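Heads up: the structure comes next, in structure tokens.
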Amino acid sequence: MNNLLWEEIVKFHDHECTGIAIGFKACEVIKSKINIDENIVCISENNSSPIDEVKYRFNFYYKKGNLILREDKGLAYNL
């Protein structure tokens, strides 16, 4: 695990929590499977802690239009 990256995301999120750890591992898997570029859009089924890692790591934001929120209360991210 990249400790410096972990410290950066904790600072971005404002505290350590299980949700950030889940987001951190999810982003590691995403990075190993696909190349994230400006054409990728993320559809999130929640607005909980793990999405902060996705925002930080891949520069996805609601205002940019590359992060879409669907309040389904699931823990899934579609890229």
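Computed from the coordinates by the stated procedures, all read-outs in this text should not be read as laboratory data. Computed from a predicted structure; not experimentally measured. Cβ atoms come from the backbone with ideal geometry, glycine included; neighbour counts cover every protein chain shown.
Descriptive notes on the structure:
- Note on the chain: along the principal axes its Cα atoms extend 28, 26, 21 Å, ordered by decreasing extent.
- For the listed peptides 16-26, 44-54, 62-72, 30-40, a ranking on the average number of other beta carbons within 10 Å per residue, highest first, reads 44-54, 16-26, 62-72, 30-40.
- Summing Cβ point charges (Lys, Arg +1; Asp, Glu -1) relative to the Cα centre of the chain gives a dipole of roughly 180 debye.
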